[in-house]
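So the structure is just underneath, and the comments pick up after that.
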Amino acid sequence: MTRADDQSLVLPDPAAVARAAAAFILQCASDAITARGRFSLVLAGGRTPLAAYRLLAQAQIDAGRWHIYFGDERCLPPEDPQRNSLAARQAWLDASGIPGDQIHIMPAELGAEAAAGQYARTIAGAQPFDLVLLGMGEDGHVASLFPGQEHPARLSVVPVRDAPKPPPDRVSLSYDCLCAARQRLLLVTGAGKRDALAAWRRGDELPVARVAGCGPLILMLDEAADIA
Ligand code: 6PG
């Protein structure tokens, strides 16, 4: 059963979410390339988007017009299995045909502050992004923006310390940066996310609510996560 309201789409299972997400991304790319000759996409970390990335690896894309950025990264060595960039490369990017100089990986191995400063310079001329992909943590975090952690408003990229989700040191696009994008796509699957969805819908002040409240956002979730 699929139900869609003005912002959310409930799909039967994670595979259906991945298919819908990949289709949405490809449509956004087509629209952006038609309108502006390029498509800038911010990738989400974590496990949820990986199935969609694997579907994108099978798609025919105008790779020379795609520009890839990351919403957040863990402060670990580049080849660490927990790195979001490595997961995205293995699921999709290494086989995508997107030119290497159009894939902008967060240099999180430099440490949170140095990486945030360098990545802010990297994205300075690239905003607004066309599409930002997001997952959501079981506490309602998005990217590496966690409940109860505030960051200076003026920054586009923030260093994160003491993150409740390991590893503690991370780099993240800021709320302002995520909100400046033309469109956001949030992917949520699994019963583990139900409590955070319920808290969001109750009106709790969570990172996911803050980002959802600042501009167009499509939520794709599976029935296991749905609290209807
Ligand atoms: C990270 C991610 C994080 C992730 C959520 C959901 O680096 O951990 O950027 O924000 O999107 O924690 O993670 P899962 O998709 O693995 O449930």
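Table for the structure above
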quantity	calculated
Which listed residue, of 125, 64, is more than 15 Å from the ligand (Cβ to nearest atom), of a type outside the set (Phe, Trp, Tyr) and in a helix (DSSP H, G or I)	64
Hey, residue 59 more than 16 Å from the ligand (Cβ to nearest atom), surrounded by fewer than 19 Cβ atoms within 10 Å (Cβ to Cβ), part of a helix (DSSP H, G or I) and of a type in the set (Gly, Ala, Ser) or not	no
Any hit, the range 77-97, residues being in contact with a strand residue (DSSP E or B) (Cβ under 9 Å, 6 or more places away or on another chain), more than 26 Å from residue 159 (Cα to Cα), assigned to a loop (DSSP other than H, G, I, E, B) and hydroxyl-bearing (Ser, Thr, Tyr)	yes
Tally of residues being touching a strand residue (DSSP E or B) at 6+ places or on another chain (Cβ under 6 Å), surrounded by 21 or more Cβ atoms within 10 Å (Cβ to Cβ) and outside any helix (DSSP H, G or I) across the range 194-225	5
Of the criteria (1) under 18 Å from the mean Cα position of the chain (by Cα); (2) under 16 Å from residue 161 (Cβ atoms), which one residue 105 fails	(2)
Criterion violated by residue 146 - all others in (1) surrounded by 22 or more Cβ atoms within 10 Å (Cβ to Cβ); (2) under 14 Å from residue 163 (Cα atoms) satisfied	(1)
Verdict on residue 94 being more than 10 Å from the ligand (Cβ to nearest atom) and surrounded by 15 or more Cβ atoms within 10 Å (Cβ to Cβ)	no
Yes/no for residue 30 being polar (S, T, N, Q) and under 20 Å from residue 103 (Cα atoms)	yes
The range 104-154: number of residues that are modelled with pLDDT under 95 and under 26 Å from residue 39 (Cα atoms)	2
Counted residues, the range 39-57 - those being over 15 Å from residue 88 (Cβ atoms) and without any contact (Cβ under 8 Å) to a residue 60 or more places away in the chain	0
Selection count where residues are away from the ligand (no atom under 16 Å from the Cβ), outside any loop (DSSP other than H, G, I, E, B) and either of a type outside the set (Val, Ile, Thr) or over 25 Å from residue 156 (Cβ atoms) (or both), scope the range 98-114	6
Subset of the range 84-109 [over 26 Å from residue 183 (Cβ atoms) and touching a residue at least 24 places away in the same chain (Cβ under 8 Å)]	109
Residue that is touching a residue at least 24 places away in the same chain (Cβ under 8 Å), hydrophobic (A, V, I, L, M, F, W, C) and within 23 Å of residue 66 (Cα to Cα), where the choices are 133, 197, 155	133
Set 47, 89: member being closer than 26 Å to residue 228 by Cα and within 16 Å of the chain's Cα centre (by Cα)	47
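Table: residues versus (1) closer than 22 Å to residue 105 by Cβ; (2) part of a helix (DSSP H, G or I); (3) more than 16 Å from the ligand (Cβ to nearest atom).
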| residue | (1), (2), (3) |
| --- | --- |
| 134 | yes, no, no |
| 148 | no, no, no |
| 164 | no, no, no |
| 167 | yes, no, no |
| 172 | yes, no, no |
| 192 | no, yes, no |
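The values are calculated or read from the model by the stated rules, or taken from the named source; none is laboratory data. These figures come from a predicted structure and were not determined experimentally. Here Cβ is always computed from backbone atoms with ideal geometry, including for glycine, and neighbour counts include all displayed protein chains.
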